[in-house]
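Just below is one structure, and these are the notes that go with it.
The values are calculated or read from the model by the stated rules, or taken from the named source; none is laboratory data. Keep in mind that this is a model prediction, so the values were computed, not measured. Backbone-built Cβ (ideal geometry, glycine too); neighbour counts: all protein chains shown.
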Amino acid sequence: MALLGACHGGPRVAAPGEGAQQGSAHADHSARWRYTARFDEGLHNLALSLCIDGPTPARLVASEDALASLREARVRGGPALAREGRSLRVDDLGEHGCLDLDIDLDTAIAQGGRDTQRIGASILLSPHRWLWHPAQLPPELDARARLILPEGVQANTPWAPIAGSESGSGSESGSGSGSGENSSSEPGSWRRLEPSAFTWGAWMAIGDLQSLSFSVAGATFEVAVLEGPRRASDAGIEAWLRLAAETGAALYDACPRDRVSVVVIPSPGWRDAPVLFGMARRGGGASAMLLVDSEASDDALLGEWVAVHELLHFALPLISAPWMSEGFVTYYTEVLRARAGVHSLGEAPRPGESFAEHQVRLGLARLYTGFKKAGGSDSLGRASRDMRRSGGYGRVYWGGAAIAYDLDLSLRRASAGRHSLDDLVTSLGDTLETRRRWSPDELFARFDRLAARWYADGELSIEISPSAIMQAHLGAKKVPESVSTLSGLAVEIRDGRPEILAEPRDQVDLRTALLSPVKPVRGG
């Protein structure tokens with residue numbers, strides 16, 4: 001049964017997985033690509049088919065070293081594709097309009113880094129290492145994929161399921177009945193491949209996965225916990241990620257994405273932090289990877305900062321400069337954790353200290369300690385450009401956080417609390433799903449226009465230029481003293497730690513608006 005409803009009398013549209021007529025035109029889409037990926041027992045081999053309806057591509061591409069793991073690629077029923085540099089040349093699609101590729105997963109894993117590796121009986125598998133696609137992405141594209149898995153094997157991907165497909169879950173299993181979009185008898189639900197799936201990285205796990213699914217702040221979370229010894233329970237992992245998502249969602253009053261997939265990897269031997277590392281990616285949808293200490297307890301995970309930080313990346317567009325992409329997220333990681341009341345949940349307030357004061361003090365301590373890391377021998381702008389070569393991550397992350405803090409307080413003071421950085425960041429909602437990388441100059445130009453409008457409307461007591469604040473920081477070698485000492489927030493630095501004061505009242509009000517829990521997620 002054809003699913004896509006071509007107009008009567010128009011060109012035939014192939015059902016998912018079927019061959020397609022070359023060069024056929026469509027009123028609604030210029031190209032339709034259908035992928036079927038079949039994994040063998042043990043996850044050593046991947047048989048990939050790609051059927052194309054629309055313009056015939058000249059070349060197929062994947063990651064730079066994907067050719068090494070490609071055993072064979074040919075037109076269905078026809079000749080092998082010639083290898084041309086790092087790509088595959090397509091001279092003809094044949095009568096079926098389909099290509100078949102045989103991929104050696106062991107070789108892909110041997111060449112892979114953090115995002116492509118074997119962990120027990122499971123694998124992390126970057127789509128870039130196997131999702132061969134036409135080199136030119138058409139302006140309008142309907143691309144879909146399904147995974148055919150061995151019995152008992154599951155997969156977690158960021159690709160959204162298509163309504164009417166076999167399963168609405170983020171995890172697929174080879175044990176399904178397989179009622180795909182074209183009523184195929186083969187298992188595997190169809191998922192939509194957004195254009196970003198072919199240009200940006202993603203986290204994808206296949207194998208012996210513990211799958212968790214839940215909804216938070218309007219978003220569906222699909223979580224895959226890889227095998228391995230761990231102290232944290234399934235319920236504890238879900239509670240941890242729920243709390244992290246709720247904390248970040250407070251910025252928009254909802255999760256800024258409809259769907260998020262998360263891969264959790266237990267790993268032994270740290271004991272100094274419940275979560276050692278995380279990374280967010282956007283290819284085909286929002287996906288994150290989190291490395292969890294095998295010895296971390298359920299309670300130790302609650303309120304930790306790494307999951308909050310990674311999920312907050314999805315509240316901003318893809319930004320070209322790390323001082324902004326990481327710096328703004330670093331700032332909000334601490335501010336929103338204080339507002340949610342989740343800083344150091346195992347630590348009791350001091351005698352006579354309220355829960356809110358406790359959270360404010362801990363949030364300020366994190367900012368103060370971080371800003372101390374933001375000085376260097378070079379300007380912040382240059383440090384950001386050279387960060388991956390020089391390793392100056394603390395300098396760049398916290399230097400960017402200092403810009404966010406300075407801009408936030410400037411707006412709050414000038415507007416008597418009516419406007420803040422929150423308003424600027426949430427104004428970028430229309431950029432979150434775009435297929436491009438934004439420069440800070442572009443985004444700050446938008447901030448400038450919004451701040452200018454507030455001033456023209458009498459909502460700011462002084463004219464504020466977000467771009468001027470940005471440039472002052474980028475050209476400096478250290479954070480301004482007014483920022484590094486938390487000046488203007490009724491704070492006194494004692495023995496290298498910020499202590500909150502009860503006066504002056506206007507500064508207390510500003511500090512409260514910035515950090516104090518109003519409706520804490522936990523505690524209070």
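Before moving on, here are some points about what is shown:
- Index of the failed condition, ALA47 passing every other in (1) out of contact with any Asp or Glu (no Cβ under 7 Å at 6 or more places or on another chain); (2) in a strand (DSSP E or B); (3) small (Gly, Ala, Ser): (1)
- Residue within the stretch 78-99 that is out of contact with any Pro (no Cβ under 6 Å at 6 or more places or on another chain), free of Cβ contacts under 8 Å to residues at least 60 places away in the same chain, within 17 Å of ALA37 (Cβ to Cβ) and among the small types (Gly, Ala, Ser) present: no
- LEU70 within 24 Å of PRO195 (Cα to Cα), crowded, with 16+ Cβ neighbours inside 10 Å and modelled with pLDDT of 95 or more: yes
- Which numbered condition SER267 fails, given (1) of a type in the set (Ser, Thr, Tyr); (2) under 14 Å from ARG242 (Cα atoms); (3) free of Cβ contacts under 8 Å to residues at least 40 places away in the same chain: (2)
- Single residue of GLU463, GLU481 found to be in the same structural domain as SER354 (by TED's automatic domain parsing), closer than 25 Å to LEU362 by Cα and loosely packed, with under 15 Cβ neighbours inside 10 Å: GLU481
- Residues that are assigned to a strand (DSSP E or B) and touching a Phe, Trp or Tyr at 6+ places or on another chain (Cβ under 9 Å) occur at least once in the stretch 301-319.
- Scanning the stretch 302-358 for residues that are of a type in the set (Asp, Glu) and under 15 Å from the mean Cα position of the chain (by Cα), we see that the one that is surrounded by the fewest Cβ atoms within 10 Å (Cβ to Cβ) is GLU326.
- Pairs are defined by a Cβ separation below 8 Å, a sequence spacing of at least 6 or placement on different chains, a first member in the stretch 137-152 that is under 29 Å from LEU209 (Cα atoms), and a second member that is in a loop (DSSP other than H, G, I, E, B) and among the aromatic types (Phe, Trp, Tyr); the pairs so defined are ARG144/TRP190; ALA145/TRP159; ALA145/TRP190; ARG146/TRP190.
- Checking each residue of the stretch 364-373 against the condition of being in contact with a Lys or Arg (Cβ under 7 Å, 6 or more places away or on another chain), buried (at least 16 other Cβ atoms within 10 Å of the Cβ) and assigned by TED's automatic domain parsing to the domain that holds TRP398 gives at least one match.
- Just one residue in the set LEU43, LEU48 is in contact with a helix residue (DSSP H, G or I) (Cβ under 9 Å, 6 or more places away or on another chain), surrounded by 14 or more Cβ atoms within 10 Å (Cβ to Cβ) and under 30 Å from ARG118 (Cα atoms); that residue is LEU43.
- The listed residue being over 16 Å from ASN156 (Cβ atoms), surrounded by fewer than 21 Cβ atoms within 10 Å (Cβ to Cβ), in contact with a helix residue (DSSP H, G or I) (Cβ under 6 Å, 6 or more places away or on another chain) and in contact (Cβ under 8 Å) with a residue 24 or more places away in the chain, out of ALA239, ALA273, ALA232, ALA217: ALA217
- Every listed requirement among (1) basic (Lys, Arg); (2) out of contact with any helix residue (DSSP H, G or I) (no Cβ under 7 Å at 6 or more places or on another chain); (3) not in a helix (DSSP H, G or I) is met by LYS373 save one, (2).
- Among the residues of the stretch 502-524, the ones that are part of a loop (DSSP other than H, G, I, E, B), surrounded by 13 or more Cβ atoms within 10 Å (Cβ to Cβ) and either at pLDDT 95 or above or not polar (S, T, N, Q) (or both) come to 6 in all.
- When the criteria are applied in full, ILE469 fails the requirement of being of a type outside the set (S, T, N, Q), over 27 Å from LEU380 (Cα atoms) and buried (at least 17 other Cβ atoms within 10 Å of the Cβ).
- THR369 in contact with a Pro (Cβ under 6 Å, 6 or more places away or on another chain) and of a type in the set (Ser, Thr, Tyr): no
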